[in-house]
Amino acid sequence: MTTDLTADVSPSRADAAIDVRQLHKYFGDLEVLKGIDFHVARGEVVCVIGPSGSGKSTLLRCVNRLEEPTSGTIVVEGEDVTDRDCDVDLVRTKIGMVFQQFNLFGHLTVLRNLTIAQVRVLKRSKLEAEQVAMANLERVGLSEKAHVYPAQLSGGQKQRVAIARALSMNPAMMLFDEPTSALDPELVGEVLQVMRDLATEGMTMMVVTHEMGFAREVADRVVFMDDGIVVEENTPAELLGNPRNERTRRFLSMVL
Amino acid sequence: MSATTTVAPPPHRLSRRQRQLLFRLSLYALLVIGAAALIIVADWGKIGRSFFNLDIASSTFPLIVTRAAKNTIIYTLGSFGLGLFLGLALALMKLSPIAPYRWMATAYIEFFRGLPAILTLFLVGFGVPIAFGWRFPGGTIGAGIVGLGAVAGAYMAETIRAGIEAVDKGQVEAARSLGMTQSRAMVSIVLPQAFRIIIPPLTNEIVLLIKDTSLFFVIGFQVKEKDLFTFGRDIANDQFNSTPLIVAGLMYLAITLPLTRLVAQLEKRNRASK
């Protein structure tokens, strides 16, 4: 923690896990993010909701630079991710990412999925990596699946393994890109439970989701995005129960 | 003209089912007549003596297996190995963000796919040594494997590139999100999955190479180096009989047929596991 940061900037920047300022993102001529200011404090759970095309996934993917911002700054755990000299690979080890399509490595067993990055990137020993992996599989309730291949798992199990894989890097925060959108309804619950447990344990989380129930119960803050801007943000009770903005009201009336 | 007229089918008109049956019968009849005609017309004595002479056939053994077939297999594996290495390099060049690498790879692939393999082999076996005034290392075999490998690489490059591109982009995103570099992601995550995908077409490539090793003759073999085709041809010329070529052909089939069956099995398994 550098003292310079606390000196002359707003308090939120100092203990922000994620601090996004004036983020613009163009895909060709299309402006998908139109000057986003967004932050997540350490230990906070922020849910980002909005219609498709609102840019919420793009915002999330900019945080670990899977998408390249066109302009603006993104500071993650004190590191300016948008800086050219930033070691993105290193920063990514501190950010766990969970995808809508799971993206498990099909040619590797579940255990190997969890250990490969630990060994190759963090340079942990195989023994240590496996211990961490098994602990995380235990955490998501799938320790008996360690030697199974992803193709043999259900969607909910795959996503839980994906969460365990991200956790095995001991990240400072977790990003979730619509983690349950590709799941059959009856499998959604087991994944949300894991996420709920993570939140209870104090993990910093940024979740792009359509699961309003989850947002209401678990989020510290809900951010509503539409058409590339942050329209409204508030506590779940306020935003979901008493939306101030007309667009927010319209969106919620369609999904709730 | 009565009010209720039912038209009875004309007595000699057939029902649909009967017509189908007749059609099928006539196809069988055609087959039988054709086979009969072939059996009657062919001079089986001459055919047997020219193509299936058992004495000459047995004289080709064991060398046709211990030398000719063995050589063919070795040359195939050599060319395949070189081709695989080259093909991978070319595929990665074609996928490179550096434009000159892409152009060079494209030029190589178009060039070697556009030329007949026999020409390439001739150039490598004679043109190159003459130009530079040295003997090709490994002699005919070395030149043959290099030449055929160069051609195989051009064909395999496209297959390998397609395999790499078939791996879902999400795999790379997940790998990079875990902190892996682009090259680590390529080596540990993309390539293993890409190769799984392209095993059927690569096996096909081996079958093609087995047959193309027969072109090595243009460079010239020493006795011990002869492949199946040249071995068969030389004895056939010697004995003034085609039987050795038939035996060589059967040897080729003995090698290629199990492989093509394997490809069919692999493709079926790939589709089933989707």
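The values are calculated or read from the model by the stated rules, or taken from the named source; none is laboratory data. Values in this document were obtained by computation on a predicted structure and should not be read as measured data. FYI the Cβ positions are ideal-geometry reconstructions off the backbone, even for glycines, and counts take in every protein chain you see.
If I ask for residues that are closer than 21 Å to A:Phe251 by Cα and among the β-branched types (Val, Ile, Thr), which ones from the stretch A:19-51 would you list? Passing the criteria: A:Val32, A:Ile36, A:Val46, A:Val48, A:Ile49.
Considering the stretch A:92-120, the residues that are touching a strand residue (DSSP E or B) at 6+ places or on another chain (Cβ under 8 Å) and outside any loop (DSSP other than H, G, I, E, B) include one that is nearest to the other protein chains (Cβ to nearest Cβ), namely A:Met97.
Here is the figure for the stretch B:33-47: residues that are part of a helix (DSSP H, G or I) and either surrounded by 10 or more Cβ atoms within 10 Å (Cβ to Cβ) or under 33 Å from the mean Cα position of the chain (by Cα) (or both) total 10.
For B:Phe229, the conditions (1) under 15 Å from B:Thr72 (Cβ atoms); (2) surrounded by fewer than 19 Cβ atoms within 10 Å (Cβ to Cβ) are fulfilled apart from (2). Any residue that is hydroxyl-bearing (Ser, Thr, Tyr), at pLDDT 90 or above and over 23 Å from B:Ala143 (Cα atoms) - is there at least one of those in the stretch B:21-30? Within the stretch B:21-30, one or more residues are hydroxyl-bearing (Ser, Thr, Tyr), at pLDDT 90 or above and over 23 Å from B:Ala143 (Cα atoms). Restricting the stretch B:162-176 to residues that are within 12 Å of chain A (Cβ to nearest Cβ) and in contact with a Phe, Trp or Tyr (Cβ under 8 Å, 6 or more places away or on another chain), the residue that is surrounded by the most Cβ atoms within 10 Å (Cβ to Cβ) is B:Ala174.
Tell me, please, whether a residue that is in contact with a helix residue (DSSP H, G or I) (Cβ under 8 Å, 6 or more places away or on another chain), in a loop (DSSP other than H, G, I, E, B) and either touching a residue at least 40 places away in the same chain (Cβ under 8 Å) or not small (Gly, Ala, Ser) (or both) can be found in the stretch A:70-80. Before you say what the answer is, go through the steps one by one.
Step one: filter the stretch A:70-80 for residues in contact with a helix residue (DSSP H, G or I) (Cβ under 8 Å, 6 or more places away or on another chain), giving A:74-79.
Pick out the ones that are also in a loop (DSSP other than H, G, I, E, B) and you get A:77-78.
If we keep only those that are either touching a residue at least 40 places away in the same chain (Cβ under 8 Å) or not small (Gly, Ala, Ser) (or both) too, we end up with A:77-78.
Yes: one or more hits.
Among helices (runs of 4 or more DSSP H) entirely within the stretch B:57-151, having at least 2 residues that are touching a helix residue (DSSP H, G or I) at 6+ places or on another chain (Cβ under 8 Å) and buried (at least 20 other Cβ atoms within 10 Å of the Cβ) singles out B:70-94, B:99-114, B:117-122. When you scan the stretch A:128-149, do you find a residue that is surrounded by fewer than 18 Cβ atoms within 10 Å (Cβ to Cβ) and either aromatic (Phe, Trp, Tyr) or in contact with an Asp or Glu (Cβ under 6 Å, 6 or more places away or on another chain) (or both), even just one? Scanning the stretch A:128-149, I find at least one residue that is surrounded by fewer than 18 Cβ atoms within 10 Å (Cβ to Cβ) and either aromatic (Phe, Trp, Tyr) or in contact with an Asp or Glu (Cβ under 6 Å, 6 or more places away or on another chain) (or both), so the answer is yes.
Residues in the stretch B:48-73 that are under 23 Å from the mean Cα position of the chain (by Cα) and free of Cβ contacts under 8 Å to residues at least 40 places away in the same chain: B:Thr66, B:Lys70.
Table: residues versus (1) touching a residue at least 24 places away in the same chain (Cβ under 8 Å); (2) outside any strand (DSSP E or B); (3) within 14 Å of A:Val45 (Cα to Cα); (4) of a type in the set (Lys, Arg).
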position: A:Val207; (1), (2), (3), (4): yes, no, yes, no
position: A:Arg216; (1), (2), (3), (4): yes, yes, yes, yes
position: A:Val222; (1), (2), (3), (4): yes, no, yes, no
position: A:Met225; (1), (2), (3), (4): yes, no, no, no
position: A:Glu238; (1), (2), (3), (4): no, yes, no, no
position: A:Pro243; (1), (2), (3), (4): no, yes, no, no
position: A:Thr248; (1), (2), (3), (4): yes, yes, no, no
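State yes or no: is A:Met174 at pLDDT 95 or above, in a loop (DSSP other than H, G, I, E, B) and within 14 Å of chain B (Cβ to nearest Cβ)? It would help to see each step written out before you state the result.
Details: at pLDDT 95 or above: yes; in a loop (DSSP other than H, G, I, E, B): no; within 14 Å of chain B (Cβ to nearest Cβ): yes.
When the stated conditions are applied, A:Met174 does not pass them.
Every residue, every condition in (1) touching a residue at least 40 places away in the same chain (Cβ under 8 Å); (2) under 23 Å from the mean Cα position of the chain (by Cα); (3) closer than 16 Å to B:Ala174 by Cα, yes or no:
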residue	(1), (2), (3)
A:Gly96	yes, yes, yes
A:Phe99	yes, yes, yes
A:Val132	no, yes, no
A:Asn136	no, yes, no
A:Gln152	no, no, no
